[in-house]
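The values are calculated or read from the model by the stated rules, or taken from the named source; none is laboratory data. Just so it is clear, the structure is predicted and the values come from calculations on it, not from any experiment. Glycine gets a Cβ as well: all are built from the backbone with ideal geometry, and neighbour counts include every protein chain shown. Surface accessibility is based on the protein's heavy atoms, side chains included, excluding ligands, DNA and RNA. Shrake-Rupley method; radii C 1.70, N 1.55, O 1.52, S 1.80 Å.
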Amino acid sequence: MIRSYTDKDKGAIINLLRLNTPLYFAVSEEKDFAMYLDNFADNYFVIEENGTIIAAGGFNYFENNT
């Protein structure tokens, strides 16, 4: 099931990041990712299988104000 991210998902998603560190992500990226989840996760989603989060992702966009 794909659903919107909620704050209660943060620990599981940080754990997914750690499973992919250092092969795909630097250790130093975890702090920035946690800040992103706290402040910019309006369009972030998780994929659950049997109640377990197995993937996550999202997008951000900026409106052109010119």
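Between a residue in the stretch 32-57 that is within 11 Å of LYS10 (Cα to Cα) and any residue that is open to solvent by 70 Å² or more (accessible area, probe 1.4 Å), which pairs come within a Cβ distance under 7 Å, given they are 6 or more apart or on different chains?
ALA56/PHE45
Need a quick list: strands (runs of 3 or more DSSP E) entirely within the chain having at least 3 residues that are open to solvent by less than 50 Å² (accessible area, probe 1.4 Å).
On the way: elements: 2-4, 44-49, 52-58.
In the chain, 44-49, 52-58 are the strands (runs of 3 or more DSSP E) which contain 3 or more residues that are open to solvent by less than 50 Å² (accessible area, probe 1.4 Å).
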